[in-house]
Amino acid sequence: MTALLPDESDAIAQALRRMLAEQYAFSLGRRACLAVQPALMAPIWDRLVELGLCGLMLDAEHGGVDGDVSDMQRVQHELGRALVVSPWLQTLLCAQLIRIAGSADQQDRWLPGLAQDGQSMAWVDLAASGGSCAAAPDDGMWSLNGYHATVPHACVAGHLVVTVETGSESACFVLETAQAGVSCSPVRLMDGCWAAEVCLRDARAYRLGSRDARHLIGRVRALAVAGLCAEACGMAESALEMSVQHLRVRHQFGQPLAEYQALRHRVADMWIALEQSRSACVLAQEAVMDENAAARSRLCAQAQLVAYESVTWLLQQAIQLHGGMGMTDEVAVGHYYRRMLVINALTGGAPGALRALVREQYSGAAAY
Amino acid sequence: MRIESAGVKALRAQVREFLSTQLDAGLRERLRRGEFPTRDDLVDWQRRLARRGWGAPSWPVEHGGTGWSDIEQLAFLEECAVVPAPAPHVFNITMLGPVLIRFASPVQRDAWLPKLLAADVLFCQGFSEPGSGSDLASLRTSATRDGDHYVVNGQKIWTTSAHYADWIFCLVRTDPLARKQNGISFLLIDLCSPGISIRPIISIDGRHSLNEVFFDAVRVPTHNLVGEENRGWDYARFLLGNERASIAGVARSRERLSYAQELALQTPVAGGGTLAQDAGFRLRVQHIQAELEALDRTQYRLFTDSATPSLRVAGASALKVKGTALYQATMELLLEAAGTTGLHARVEPDVGAPAAAHQSREALGVAHLYSRAASIYGGANEVQKNILARHVFDTTP
């Protein structure tokens, strides 16, 4: 449940869209932000902090505004439209892990900094992503050994939140990145994000709470899906707008491309795909709010399958409709597609979701 | 197994043997990773092929060709594609050479063909313009006669390799008053000519292969006109119809699919096991392989004598549409098989990125991005379908 009124939620989204139009235009502000060195925060981050967005889903006690998943999705939608590359979602997800798995002291220690001081964190979800980790108690704290090939925004993060699953138990750990046991080697992804190859060698970590965190992690994974679906939907919406505008303006054989029936049908199909992706965002919201782990897991996978498949296809068509121009770095449609490819690779994409649904349906293993 | 003559089988064996000894292993690895060959790679390879007598397989024997049948030509290209090895230089050999052989004067043929064959000169193609893509005949780059020169003004776009090529063959408008197809000429232009400037275009894969070429009062000797003035559109149509042999890209798709299967053996999937063991992946691989097998027979049937000229034209469109769809589906599978290593951006040494950012790993994601162009270049698929539909309606009783 959100504490934000509809007007307040609208105002946030509109203020964000305005700021992005001014500060993060595709050819200017955005390019400047993408040229920043891997270990530094791009200027866009400060703008997001100034708008108060970092406390969106945290409670007032810790400096937040008590928003919910639908508020988060509205922000992600705008960030997707503008192709924003930032640790906003990562940080929000880490904050949620601390909020629901951490003790009161742990929440007091870390959440205010995330809500108000512009600190960022990166989530290393080892079990979900095929990375490996071993955790052992060590003198009041824990010692982690592990590796993950691709952690978005790890280089600028003050802390990592590492989620680990053994056969019997799951746990979340918070680690400072500035310690000898943590190494982050920058890796540039094709969407412009600086990710890192993360190695943990006897890295000192705090365990969040002390109980099995499996279901809690599942809830935050659902939030991640909801956020990425919303971002993908924002990209699709904007790419369709650009395609329609291009078809109106581009003339060949003496007429605008928009008058060719084949292309009109293509646009109609893209609109249907966009609407399906909007609905996938709703499925993901329902997943987040579902108390039943199996139902939540299934809805998440369905949302991911429909959204990622629809948006990937739509963005391919957007490139096609732009002709040769769609293949250039100067036009945004190719950049939307690159971002979608990164999302697909990091999450398993539509094929991964389909696999998860089959596994779950026919063998009872949870998808998320 | 496609039924082949002993002669074709023997040719395949010869080509394989040649490739195994002549193709540099480093070049092969780079091509497998999805990188473009460099200018030096292309020149070196063209010369190796030429030394073997295979520099221009489709040309008449008296100009350096092999005398092979269409089937043998295709077998040769397939054996190269499946390694992968580069084909003969596309602009010199597949595009310009046949135009000169058919339409140029004997003097021009003698002057140019040996240089094209030996890659002493590299050409690029100046056809498309910002306002003339699918509607190429609407092009506006003009060539006005001034004594024994043409003065060329205008702009070409999507010119692959113009940044390292030596010459460009251009469609230019020599009669602005005629019906658009009837006022075009085919001109050879030295890229070192005063008045030419080249602007790089960065593609969505982050790489530089395309360019814009600007012509500002460029003087071109009239003896660089190919054939007759204002007949250039016929020569262009001839050129564009000549790419038949590998337009379906079956061998290229097969090679990429087999590479995807190889990578998939090492790609973990959530829930355990590898992508190679995944039912969904296997189904898609099998499906694409079956369709490629059928497409392969389609292109062979179109080479037989019983195929009418109009069927061959329509067939080329069908091969392009279906071939690019299968190629793009294959490249999606390859991207999945590349897993997260396929995510990495390509960082060129000359883009001031810090040293730590240079990635030596597979950049298959980058190469995948370029595959989206396959349905756009060479006549966008939408236009191909128009051509095809016309044929179907014309020929259906």
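Go through A:54-64, A:150-160 and give me the packing order, highest mean Cβ count within 10 Å leading. It would help to have the intermediate numbers written out before the result.
Details: A:54-64: 19.5, A:150-160: 23.9.
So the peptides A:54-64, A:150-160, ranked by packing, come out A:150-160, A:54-64.
How much accessible area per residue does chain A have, in Å², with a 1.4 Å probe? Numbers along the way, then the final one.
On the way: 14540 Å² over 368 residues.
Per residue, chain A has 40 Å² of solvent-accessible surface.
Against chain A, whose longest principal axis is taken from its Cα atoms, helix A:214-249 shows a tilt of about 20°. Given +1 at the Cβ of Lys and Arg, -1 at the Cβ of Asp and Glu and no other charges, the dipole of chain B around its Cα centre is 520 debye to the nearest 20. Kirkwood radius, chain A, all distinct C-alpha pairs, inverse of mean reciprocal distance: 21.1 Å.
Taking every eigenvalue of the Cα gyration tensor of region A:1-160, multiplying by 5 and rooting it, what semi-axes result, largest first, whole Å? Write out the running numbers ahead of the final one.
Values: eigenvalues 156, 88, 34 Å².
After scaling each eigenvalue by five and taking roots: 28, 21, 13 Å.
In the protein assembly as shown, the ratio of gyration radius to Kirkwood radius, Rg to Rh, stands at 1.01 when only Cα atoms are counted.
Ligands, DNA and RNA left out, the accessible area of the protein assembly as shown computed with a 1.4 Å probe is 54% carbon and sulfur. Annotation: Cα Rg of chain B relative to the compact-globule expectation 2.2 N^0.38 Å equals 1.03. With angles folded into 0 to 90 degrees, how steeply does helix A:261-289 sit against the dominant principal axis of chain A? Use alpha carbons for both and round to 10. The two axes meet at around 20 degrees. By the combined test of axial Cα extent (at least 27 Å) and Kyte-Doolittle hydropathy (mean at least 0.0), the qualifying DSSP H helices of chain B come to B:309-338.
If you add up the charges near A:Ala222, with Lys and Arg at +1 and Asp and Glu at -1, over every other residue whose beta carbon is less than 9 angstrom from its beta carbon, what do you get?
Numbers: positive: A:Arg219, A:Arg221, A:Arg296; negative: A:Asp290.
Overall, the nearby charge balance is +2.
Per residue of A:350-356, other chain Cβ atoms within 10 Å of the residue Cβ number 5 on average. Considering only alpha-carbon pairs that sit under 8 angstrom and 6 or more positions apart, the relative contact order computed for chain B is 13 percent. Across peptide B:266-275, the average count of Cβ atoms from other chains found within 10 Å of a residue's Cβ is 4. Could you work out the local net charge near A:Leu89, counting Lys and Arg as +1, Asp and Glu as -1, over the other residues with Cβ closer than 14 Å to its Cβ? In short, -2.
The dipole here belongs to region A:41-189: it is taken about the Cα centre, uses +1 on the Cβ of Lys and Arg and -1 on the Cβ of Asp and Glu, and is about 600 debye.
The values are calculated or read from the model by the stated rules, or taken from the named source; none is laboratory data. All figures in this text were calculated on a predicted structure; none of them were measured in a lab. Backbone-built Cβ (ideal geometry, glycine too); neighbour counts: all protein chains shown. Keep in mind that these areas ignore ligands, DNA and RNA; they rest on the heavy atoms of the full protein, side chains included. Shrake-Rupley method; radii C 1.70, N 1.55, O 1.52, S 1.80 Å.
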